[in-house]
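Just below is one structure, and these are the notes that go with it.
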Amino acid sequence: MEKSLTLNYIKAEHIEDLPTADKELIAEAQKATELAYAKYSGFNVGAAVRLRSGKIMRAANSESEVFPSGLCAERSLLYYVEANHADDPVESLAIASNPSERECYPCGGCRQVILDVERRQGSPIRVIMSGNGSASIVESAQLLLPFTFQL
(Lines give C-alpha, C1' and ligand atoms only; values in the text may rest on other atoms or scores of the structure.)
Protein backbone atom coordinates (compact mmCIF):
# COMPACT_ATOMS: atom_id res chain seq x y z
CA MET A 1 0.00 0.00 0.00
CA GLU A 2 1.41 3.36 -0.98
CA LYS A 3 0.95 6.28 1.37
CA SER A 4 1.67 9.97 1.07
CA LEU A 5 3.32 12.39 3.47
CA THR A 6 2.74 16.14 3.29
CA LEU A 7 4.99 18.65 5.01
CA ASN A 8 3.55 22.07 5.76
CA TYR A 9 6.02 24.82 6.63
CA ILE A 10 6.44 28.56 6.39
CA LYS A 11 9.04 29.93 4.00
CA ALA A 12 10.08 33.53 4.64
CA GLU A 13 12.23 34.76 1.78
CA HIS A 14 13.18 37.75 3.95
CA ILE A 15 13.58 37.55 7.72
CA GLU A 16 12.35 41.14 7.90
CA ASP A 17 8.89 39.91 6.86
CA LEU A 18 8.54 37.71 9.96
CA PRO A 19 6.73 38.70 13.15
CA THR A 20 8.81 40.66 15.66
CA ALA A 21 9.05 37.71 18.08
CA ASP A 22 10.59 35.50 15.37
CA LYS A 23 13.02 38.19 14.25
CA GLU A 24 14.08 38.69 17.88
CA LEU A 25 14.71 34.97 18.39
CA ILE A 26 16.70 34.70 15.15
CA ALA A 27 18.81 37.69 16.23
CA GLU A 28 19.56 35.96 19.54
CA ALA A 29 20.57 32.77 17.70
CA GLN A 30 22.83 34.83 15.44
CA LYS A 31 24.43 36.46 18.52
CA ALA A 32 25.01 33.00 19.96
CA THR A 33 27.16 32.04 16.93
CA GLU A 34 29.79 34.41 18.36
CA LEU A 35 30.03 32.12 21.42
CA ALA A 36 30.77 28.99 19.37
CA TYR A 37 33.99 27.05 19.61
CA ALA A 38 34.28 25.58 16.12
CA LYS A 39 38.03 25.47 15.61
CA TYR A 40 37.87 22.31 13.51
CA SER A 41 34.83 22.79 11.26
CA GLY A 42 34.83 26.59 11.12
CA PHE A 43 31.02 26.37 11.24
CA ASN A 44 29.64 28.36 14.17
CA VAL A 45 26.07 27.51 15.10
CA GLY A 46 23.86 29.37 17.54
CA ALA A 47 20.47 28.45 18.96
CA ALA A 48 17.96 30.46 20.97
CA VAL A 49 14.74 29.41 22.66
CA ARG A 50 11.75 31.32 23.92
CA LEU A 51 10.18 29.68 26.95
CA ARG A 52 6.49 29.91 27.79
CA SER A 53 7.36 32.54 30.43
CA GLY A 54 8.82 34.71 27.65
CA LYS A 55 12.40 34.17 28.80
CA ILE A 56 14.93 33.83 25.96
CA MET A 57 18.04 31.69 26.34
CA ARG A 58 20.82 30.88 23.88
CA ALA A 59 23.78 28.56 23.35
CA ALA A 60 26.36 27.67 20.70
CA ASN A 61 28.10 24.59 19.38
CA SER A 62 31.35 23.46 20.95
CA GLU A 63 33.84 21.15 19.23
CA SER A 64 36.51 18.95 20.77
CA GLU A 65 39.85 17.63 19.59
CA VAL A 66 38.48 14.18 20.36
CA PHE A 67 35.73 14.34 17.76
CA PRO A 68 32.82 13.50 18.04
CA SER A 69 32.83 14.66 21.66
CA GLY A 70 31.57 18.14 20.77
CA LEU A 71 27.97 19.16 21.05
CA CYS A 72 25.59 21.02 18.74
CA ALA A 73 24.08 24.34 19.80
CA GLU A 74 20.55 22.95 19.85
CA ARG A 75 21.34 20.04 22.16
CA SER A 76 23.55 22.16 24.43
CA LEU A 77 20.69 24.60 24.87
CA LEU A 78 17.85 22.11 25.23
CA TYR A 79 19.70 19.96 27.78
CA TYR A 80 20.45 23.08 29.82
CA VAL A 81 16.85 24.28 29.66
CA GLU A 82 15.50 20.87 30.67
CA ALA A 83 17.91 20.67 33.60
CA ASN A 84 17.28 24.20 34.86
CA HIS A 85 13.84 25.27 33.60
CA ALA A 86 11.86 22.03 33.27
CA ASP A 87 8.69 23.75 34.49
CA ASP A 88 8.87 26.39 31.72
CA PRO A 89 8.24 24.68 28.34
CA VAL A 90 10.06 25.65 25.16
CA GLU A 91 7.71 27.34 22.71
CA SER A 92 10.12 28.28 19.91
CA LEU A 93 13.67 27.40 18.89
CA ALA A 94 15.67 29.43 16.35
CA ILE A 95 18.87 28.20 14.71
CA ALA A 96 21.49 30.31 12.90
CA SER A 97 25.02 29.80 11.60
CA ASN A 98 28.14 31.67 10.62
CA PRO A 99 28.99 31.43 7.80
CA SER A 100 25.36 31.88 6.82
CA GLU A 101 25.32 31.04 3.13
CA ARG A 102 22.13 28.99 3.50
CA GLU A 103 19.53 28.22 6.13
CA CYS A 104 20.86 26.21 9.06
CA TYR A 105 18.97 22.96 9.63
CA PRO A 106 19.41 20.71 12.68
CA CYS A 107 21.34 17.45 12.30
CA GLY A 108 19.56 14.12 12.79
CA GLY A 109 20.63 13.81 16.44
CA CYS A 110 19.32 17.30 17.21
CA ARG A 111 16.06 16.59 15.40
CA GLN A 112 15.51 13.60 17.66
CA VAL A 113 16.37 15.55 20.83
CA ILE A 114 14.08 18.46 19.87
CA LEU A 115 11.29 15.94 19.33
CA ASP A 116 12.10 14.21 22.64
CA VAL A 117 11.80 17.55 24.48
CA GLU A 118 8.56 18.28 22.66
CA ARG A 119 7.12 14.92 23.75
CA ARG A 120 8.28 15.27 27.36
CA GLN A 121 6.81 18.74 27.77
CA GLY A 122 3.58 17.75 26.03
CA SER A 123 3.49 20.73 23.66
CA PRO A 124 4.93 21.51 20.22
CA ILE A 125 8.16 23.38 19.64
CA ARG A 126 8.13 25.85 16.77
CA VAL A 127 11.48 25.51 14.93
CA ILE A 128 12.87 28.48 12.99
CA MET A 129 15.80 27.63 10.69
CA SER A 130 17.51 30.78 9.44
CA GLY A 131 20.35 31.81 7.20
CA ASN A 132 21.33 34.03 4.29
CA GLY A 133 18.48 36.42 5.09
CA SER A 134 15.68 33.83 4.88
CA ALA A 135 14.01 31.32 7.19
CA SER A 136 11.97 28.14 7.09
CA ILE A 137 9.63 27.43 10.00
CA VAL A 138 7.82 24.31 11.16
CA GLU A 139 5.17 24.42 13.87
CA SER A 140 6.33 21.16 15.47
CA ALA A 141 9.57 19.19 15.64
CA GLN A 142 7.54 16.17 14.49
CA LEU A 143 7.64 17.68 10.99
CA LEU A 144 11.45 17.54 10.99
CA LEU A 145 11.49 13.82 11.72
CA PRO A 146 8.24 12.15 10.61
CA PHE A 147 9.64 8.60 10.94
CA THR A 148 11.08 9.00 14.40
CA PHE A 149 12.64 6.61 16.86
CA GLN A 150 10.38 5.90 19.79
CA LEU A 151 10.71 3.36 22.60
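Key figures
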| item | result |
| --- | --- |
| Accessible carbon and sulfur surface of segment 39-151 relative to its total accessible area, %, 1.4 Å | 53 percent |
| Karplus (6.51, -1.76, 1.60) ³J(HN,Hα), θ = phi - 60°, over segment 112-129, in Hz, Gly and Pro reported as x | 5, 5, 4, 5, 4, 4, 4, 5, 5, 7, x, 8, x, 10, 6, 10, 10, 10 |
| Spin-label pair LEU145/LYS3, simplified geometry with 7 Å Cα→Cβ offset, distance in nm | 1.8 nm |
| Accessible area (Å², per residue) of segment 17-99, counting only protein heavy atoms and a probe of 1.4 Å | 52 Å² |
| Integer Hz, Karplus 6.51/-1.76/1.60 couplings in order for segment 139-151, x for Gly and Pro | 7, 7, 4, 4, 6, 7, 8, x, 10, 8, 6, 8, 6 |
| Dipole axis of segment 32-99 (+1 Lys, Arg; -1 Asp, Glu on Cβ), positive-most option in ILE95, TYR37, SER64 | ILE95 |
| 5 Å binning of all Cα-Cα separations within the chain, expressed as whole percents from 0 upward | 2, 10, 20, 23, 21, 14, 7, 3, 1, 0 |
| HIS85-GLU34 pseudo-label distance in nm [points 7 Å out on the Cα-to-Cβ vector] | 2.0 nm |
| Rounded to 5, the percent of DSSP beta bridges in segment 50-151 classed as antiparallel | 70 percent |
| Total formal charge among the other residues, if their Cβ is under 15 angstrom from that of ARG75, Lys/Arg +1 and Asp/Glu -1 | -2 |
| Unit charges on C-beta of K, R, D, E only; dipole of segment 31-127, Debye | 180 debye |
| Sequence-distant lysines (8 or more away, or on other chains) whose Cα lies within less than 30 Å of LYS23 | LYS11, LYS31, LYS39, LYS55 |
| Whole-Hz ³J(HN,Hα) from phi, Karplus 6.51 cos²θ - 1.76 cosθ + 1.60, for segment 56-72, glycine and proline x | 10, 10, 9, 7, 10, 6, 9, 9, 10, 4, 9, 3, x, 6, x, 9, 5 |
| Rounded Å value of the spacing that divides the Cα centres of segment 110-151 and segment 31-104 | 14 Å |
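The values are calculated or read from the model by the stated rules, or taken from the named source; none is laboratory data. As the structure is a prediction and not an experimental result, all values here were calculated from the model. Positions of Cβ are generated from backbone atoms using ideal geometry, with glycine treated the same way; all protein chains shown enter the neighbour counts. Accessible surface areas use protein heavy atoms only, side chains included; no ligands, DNA or RNA. Shrake-Rupley method; radii C 1.70, N 1.55, O 1.52, S 1.80 Å.
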